[in-house]
Amino acid sequence: MPEYKAPLRDIRFVSHELLEMDRHYAQLPGVEEATPDLVDAILEEGARFAEKELAPLNRVGDTEGCRWEEGAVKTPAGFKEAYAAYVEGGWPSLAHEPELGGQGLPESLGIIINELVGTANWAWSMYPGLSHGAMNTLEAHGSEEQKQTYLSKLIEGSWTGTMCLTEAHCGTDLGLLRTRAEPAEDGSYRITGTKIFISAGDHDMAENIVHIVLARLPDAPAGTKGISLFVVPKFNVQADGSLGERNGVSCGSIEHKMGIHGNATCVMNFDGARGFLIGPPNKGLNCMFTFMNTARIGTALQGLAHAELSYQGSLAYARERLQMRSLNGPKAPEQPADPIIVHPDVRRMLFTQKAFAEGGRMLAYFAAQQVDKAKHAADSDAREEAEQLLALLTPIAKAFMTETGFEAANLGLQVFGGHGYISEWGMEQNVRDSRIAMLYEGTTGIQALDLLGRKVLMTQGETLKRFTKIVHKFCQQAGEDPALQPFVEPLAAVNKEWGELTMKIGMAAMKDRDEVGAASVDYLMYSGYVVLAYFWARSAEVALRKLAEGTDEEAFYRAKVATATFYFKRLLPRTRALAVTMTAGADNLMQLEAEAF
């Protein structure tokens, strides 16, 4: 298994030097306590916990998996103890309100910690990870009684949370769901139905599990307009806050999966389980989007996590593995062969992983910065700007980062050659674990429809313009520096083309709505490459400035410039093909009758 080492130097580069998080925190009401010294101390301790407590359990979770015994789930050896240490360290409460037991630190800092935890052991990280979505949903839409009853315990970490949406007959199309919610005389509801693919649906790591469940009231209208949201605990909670009898919810089985074996993916049966309405009746999907958006940013981190773990593993191997000689002559004449890192194709694979991991980190942290602003900014215009940027970037981050994370994981395996296919190295586990990220919380195709259809075309491009203006302003400011021309000129060109392609697709869609679906995935991937190009150009600007000023970390900053150069020369040109395919029209996809396939 690759030995995970938290990339603290790059994390500090992105947060302190690129995004100026220190200044960002100082300007936000309510998070002023996030001083540089405190942030660094939290990062150091988070890195230690990830490296020492969680990383050693990554392969354990894969080989042992979870066990279903008489309706209950047993987690792999060490998982329960690691969770107890996580709670004792106060990690669940990091970015939540102090009045409910939280530490009141910014959400962006919590997202950085989630990266460390997730890269060390993604399957384990999903247990507390789902809880954050449940917390955010209750915080935004729960009653005061629900917050006191459930939210405080979730923040404390003694309870965990889940998101129960999917049913066997309906995946993304939630309008088809059948789970029922019957009103009871005491004001509660009786929830009946079966949910599938419920991550962390049952386990032995916490006292109670709080399920956030979508269901239909008896008089609900059909479709998505008739969905309500409920909180359903595994154990009923008594008036004094203590746990009462077992509720009518149980794990019917756990799925046998391709990867993330250490996390229990459950079939959950609700048999008249006692639940309580969250938010207004028939507005459950609106409320659930709070959870889903949290989960989508978390899933974007999964793409980053698998790219980073793959890069670390394959880089270490490429430095040690001896095979063939460099085409330009021996680089290690004292050895029987050269390390494979000297070969151009191995460099291509390493650079690609590095560019996606470090570029994804920039995008994820920038999105996290917008989460802070949307929640804490004193100015309403600043909050609105942040919310609009998040609306655009969330589907891009979720889909693009998971697609490129899977690509990076496969490249990492490829660097190992045949050894990568063997379990003991851990690279094939990383590939298997990464594959789910493109499926759950909305597939790449669903994210692409959301981006192009809802976020861009339905706003007449206004949401897109909020980001393209940022890129345009950067290009104007940086364009005067000759050293930045290799980055600024191609960035300005694709930024301009992004708007032109959007208009072209929009015009075609006015005649045939299938044009949106035909273009959407290519459009999203194009968007992702442009977004990362902006961050790599900014990264190059910072690195070149540091080198010009003089630094004792010359190798680090030269690597930034080299990776930015690789990105612009080798990865950004993928937009050329995407520009062609996204405008190829729907006719070539729809011309064949379904029966003729």
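Quick look at the values:
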item	result
Built amide H within the under 5 Å cut-off of Ile260, gap 5+	Asp433
Rounded, prolate or oblate (a/c below 1.5 giving rounded, otherwise prolate when a/b exceeds b/c) for the range 79-118 by Cα gyration tensor	oblate
Within straight-line cross-link reach of Lys496, aspartates and glutamates at Cα separation under 18 Å, skipping those fewer than 8 residues along the same chain	Glu462, Asp522
Farthest positive-ward along the chain dipole, Cα basis, beta-carbon charges - from His132, Met510, Phe535	Met510
Shape call, the range 483-544: gyration tensor on alpha carbons, a/c limit 1.5	prolate
Within the chain, helix-based [θ] at 222 nm, where runs of 4 or more DSSP H residues each add -39,500 (n - 2.57), nearest 500	-17000 deg cm²/dmol
³J(HN,Hα) computed for each position of the range 543-557 - Karplus, 6.51 cos²θ - 1.76 cosθ + 1.60, integer Hz, glycine/proline x	5, 5, 5, 5, 5, 5, 6, x, 8, 8, 10, 4, 4, 4, 6
Unit charges on C-beta of K, R, D, E only; dipole of the range 443-589, Debye	140
Burial ordering of Trp122, Trp91, fewest other beta-carbon atoms within 10 Å first	Trp91, Trp122
The range 482-493 - phi-based ³J(HN,Hα) in whole Hz, Karplus 6.51/-1.76/1.60, Gly and Pro as x	x, 5, 9, 4, x, 9, 5, 4, x, 5, 4, 5
Exposure proxy order (Cβ contacts within 10 Å, fewest to most) of Thr160, Thr468, Thr352	Thr468, Thr352, Thr160
Under 5 Å, built H, 5+ apart or other chain: amide partners of Ser326	Lys331, Asp338
Percentage relative contact order, the range 52-186, counting C-alpha pairs under 8 Å, at least six apart	21
Point-charge dipole on Cβ atoms (K/R +1, D/E -1) for the range 445-526, about Cα centre, debye to 20	340
Ranked list, fewest to most other Cβ atoms within 10 Å of each Cβ, for Asp372, Asp450, Asp433, Asp40	Asp40, Asp450, Asp372, Asp433
Total charge dipole magnitude, the chain, about the Cα centre, Cβ charges on Lys, Arg, Asp, Glu only, Debye to nearest 20	1480
Top positive-direction residue, dipole computed over the range 443-589 with Cβ charges, set Ala548, Gly499, Gly479	Gly499
Relative contact order (%) - the range 443-589, alpha-carbon pairs under 8 angstrom, separation at least six	29
Subset of Lys354/Lys569; Lys465/Lys546; Lys147/Lys375; Lys5/Lys52 violating a 20 Å alpha-carbon distance limit	Lys465/Lys546
For Gly244, distant residues with modelled amide H under 5 Å away	Asn236, Val237, Gln238
Derived scalar couplings ³J(HN,Hα) [the range 257-264; Karplus, 6.51 cos²θ - 1.76 cosθ + 1.60; whole Hz; x for Gly, Pro]	10, 5, x, 6, 4, x, 10, 7
Top positive-direction residue, dipole computed over the chain with Cβ charges, set Asn588, Pro29, Leu439	Asn588
Cα shape, the range 382-537, gyration tensor, a/c 1.5 rule	oblate
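All of the numbers you see were taken from the coordinates with simple rules; none came from a lab. Just so you know, these numbers come straight off a predicted model, no measurement behind them. Every residue, glycine as well, gets a Cβ built from its backbone with ideal geometry; the counts of neighbours run over all protein chains shown.
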